[in-house]
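First comes the structure, then the notes that go with it.
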Amino acid sequence: MIDRDSFEKLNLSIAFTEDLDRELEGHLNKGSRQEDLTFALWQPSQGATRYTAILQRLILPRENDRILQGNVAFTSDYLLRVLEEAKEGYGIALLRSHLGPGWQMMSYDDVVAERDRLAAVVAGKTKLPLVGLTRGTDGYWSGRFWLKGSSKEYVRKWVKNVRVIGQQLRVSFNPQLMPPLSSTDSQIATVSVWGEENQSILSRLHIGIIGLGSVGSIVAEALSRIGVSRITLIDHDKIELRNLDRTLGATMEDVINKTPKVKVSERVIKASHTSQKINILPFEGTLRSLEGLSHALDCDVLFSCVDRPFPRHMLNSLAYGHLIPVIDGGIKVKVNNHGKLLHADWRIHTVGPGRACMICLGALNMVEVALDMDGKLDDPVYIQGLGPELNPLLQRQNVFPFSLSVAAHEVLHLMGLIAGNPRIGGIGPQFYHCYPGMMEAKHSTQCSCDCEYNKLIGQVNQVI
Ligand SMILES: [Zn+2]
């Protein structure tokens with residue numbers, strides 16, 4: 001088990017799917033006079049600074065497993081059954097309902113039940129801390145971990161937020177640890193479009209951008225201007241001459257100085273942000289490294305702005321296993337042998353629980369992922385021999401206006417995801433065709449039933 005000192009340095013969070021939340025509402029909502037409870041199993045997802053309990057499945061009480069008298073208590077038999085079911089690598093959570101709205105504090109009885117009856121028994125069996133959650137009448141969640149103190153006593157540490165992921169990203173924020181950032185005068189026009197409440201959520205999310213090239217550099221500026229206050233930037237590249245026509249903020253001086261792309265975007269964000277305060281976390285390295293991956297795992301939403309298949313496969317896996325929605329896009333340009341543009345198309349989609357993954361959408365294929373993993377896509381001789389279907393992937397034919405369009409729709413997907421409003425981000429995956437100049441949209445679809453990514457939902461231990 002991670003020791004308490006390490007936990008003290010980490011931000012804590014809890015995440016689960018919209019489907020699980022619906023199941024919980026069905027069980028816990030017993031009207032205005034009766035609380036209820038259930039146990040659940042979870043797996044840890046650990047980033048560089050955040051530790052998340054990913055709820056996997058409920059172990060619902062049977063008829064005589066709890067005592068309902070307005071409030072609620074679990075029996076020892078129920079607890080024994082739950083301890084039995086918690087196999088190695090799984091933690092135990094107790095979830096209960098309260099008869100009030102918003103972030104819930106704990107009654108003395110609740111504290112006694114979790115701290116004195118459960119925390120030591122659960123930690124002893126699972127080697128993971130007990131996690132407690134409370135659901136308010138409006139579906140708002142609050143949560144805490146119970147960590148072993150210096151004496152035998154267990155100490156409560158509140159989580160910063162509880163995230164429910166599906167068609168919408170619904171986040172319950174701890175009002176003490178993550179109070180709302182009030183909007184600024186420079187955001188009046190933005191707030192007038194999607195409202196104070198959505199702005200308040202946006203301003204408290206931690207957003208990651210993987211790849212700060214043509215699309216990523218524009219996404220960075222857009223997030224900065226609309227008021228995102230915590231942005232992780234991941235890219236290992238430095239600015240070269242060939243980047244100047246499509247990387248926002250890059251200058252000839254950056255070419256000469258070989259400035260890392262993350263530093264260019266950091267500079268752009270510092271100059272343009274409208275949030276009261278800004279926290280930019282640039283990581284000059286690749287997502288493939290453990291360190292890069294751990295920075296990605298700190299984020300609430302990720303933008304996939306990489307053009308290589310393997311990192312996109314990693315992000316596709318993270319979206320389901322670690323419950324972090326990923327907004328992805330791609331541009332395909334066909335030019336004939338005489339340099340004439342034949343057609344240009346691009347696509348934008350959000351992947352994660354409740355939505356089809358990149359493979360099921362046809363936006364990524366495993367042959368390309370395997371080639372990239374083998375290092376074949378870095379081999380010029382091999383690339384020369386590739387067929388016409390794979391070649392466009394590697395030609396990097398793109399221009400700034402195409403990237404502007406993709407980046408704009410990706411950011412709108414983010415707003416639609418937060419607001420749960422298809423009138424902002426559209427109804428699902430989007431496909432733009434330069435000829436005749438038309439955006440096609442599809443209703444959000446599900447993965448095929450044998451999809452290996454979809455099977456990863458909440459299965460942190462099986463990702464990558
Ligand atoms: Zn799938």
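The values are calculated or read from the model by the stated rules, or taken from the named source; none is laboratory data. Remember, predicted model here, so these are calculated numbers, not experimental data. Here the Cβ is made from the backbone with ideal geometry for all residues, glycine too, and neighbour counts use every protein chain on show. Please note that ligands, DNA and RNA were not included when accessible areas were found on the heavy atoms of the full protein model with its side chains. Shrake-Rupley method; radii C 1.70, N 1.55, O 1.52, S 1.80 Å.
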**Fill in**
Counting only residues 5 or more apart in sequence or on a different chain, those whose built amide H sits under 5 Å from that of R66 are T75
**Asked** H98: accessible area at probe 1.4 Å, nearest 10 Å²?
**Response** 20 Å²
**Item:** Proximal lysines to K148, defined as alpha-carbon separation beneath 25 angstrom and excluding residues fewer than eight positions away on the same chain
**Value:** K9, K87, K125, K127, K157, K160
**Request:** Would you mind computing Rg(Cα) / (2.2 N^0.38 Å) for the stretch 4-173, counting N as its residues?
**Result:** 0.96
**Item:** Per residue convex hull volume, Cα atoms of the stretch 244-378, in Å³
**Value:** 172 Å³
**Asked** What are the ³J(HN,Hα) values, in whole Hz, obtained from phi via the Karplus relation 6.51 cos²θ - 1.76 cosθ + 1.60 with θ = phi - 60°, for each residue of the stretch 203-217 in sequence order, with x given for Gly and Pro?
**Response** 5, 9, 7, 9, 10, x, 10, 9, x, 10, x, 4, 6, x, 5
**Request:** Go through H27, S151, S97 and say which Cα lies farthest out towards the positive end of the charge dipole of the stretch 4-173; charges sit on Cβ, +1 for Lys and Arg, -1 for Asp and Glu.
**Result:** S151
**Prompt:** Mean separation of Cα pairs under 8 Å and 6+ residues apart, divided by the residue count of the stretch 185-462: what relative contact order is that in percent?
**Reply:** 19 percent
**Asked** Quick one: of the DSSP bridges fully inside the chain, what percent are antiparallel, nearest 5?
**Response** 60 percent
**Message:** Could you compute how much accessible surface T247 exposes when probed at 1.4 Å, giving the result in Å² to the nearest 10?
**Reply:** 10 Å²
**Prompt:** Taking the Cα atoms only, what angle lies between the long axis of helix 18-28 and the longest principal axis of the chain, rounded to 10 degrees?
**Reply:** 20 degrees
**Asked** How many angstrom lie between the C-alpha centres of the stretch 1-75 and the stretch 77-102?
**Response** 6 Å
**Asked** Which of the lysines could be linked to K270 by a straight reach, that is with a Cα gap under 24 Å, when you skip same-chain ones fewer than 8 residues away?
**Response** K238, K258, K261
**Message:** So, taking all protein chains as they sit and a 1.4 Å probe, how much accessible area belongs to Y51, in Å² rounded to tens?
**Reply:** 10 Å²
**Prompt:** Taking every DSSP beta bridge that has both residues in the stretch 185-462, what percent is antiparallel when rounded to the nearest 5?
**Reply:** 50 percent
**Prompt:** How high is the relative contact order of the chain, given as a whole-number percent (alpha carbon pairs under 8 Å, six or more residues apart)?
**Reply:** 14 percent
**Prompt:** Where in the stretch 62-90 does the label zone of V112 land, with the point 7 angstrom along Cα→C-beta and an amide N cut-off under 13 Å?
**Reply:** 72-74
**Protection proxy ranking, peptides 351-361, 422-432, average beta carbon neighbours within 10 Å, highest first** = 351-361, 422-432
**Asked** Rule-of-thumb check for the chain: C-alpha Rg over 2.2 N^0.38 Å?
**Response** 1.03
**Request:** Could you compute the FRET efficiency for L341 and E25, with r as their C-beta to C-beta distance and R0 at 45 Å, rounded to 0.05?
**Result:** 0.30
**In order through the stretch 130-147: 3J(HN,Hα) via Karplus (6.51 cos²θ - 1.76 cosθ + 1.60), integer Hz, x for Gly, Pro** = 5, 10, x, 9, 10, 9, x, 5, 9, x, 6, 9, 10, x, 8, 10, 10, 10
**Sorted peptide list for 117-128, 401-412, 213-224, criterion being average Cβ within 10 angstrom, highest first** = 213-224, 401-412, 117-128
**Prompt:** Sorted by average packing, counted as other Cβ atoms within 10 angstrom per residue and highest first, what order do 327-334, 134-141 take?
**Reply:** 327-334, 134-141
**Prompt:** So, with +1 on the Cβ of K and R and -1 on the Cβ of D and E, and no other charges, what is the size of the charge dipole of the stretch 4-173 about its Cα centre, to the nearest 20 debye?
**Reply:** 520 debye
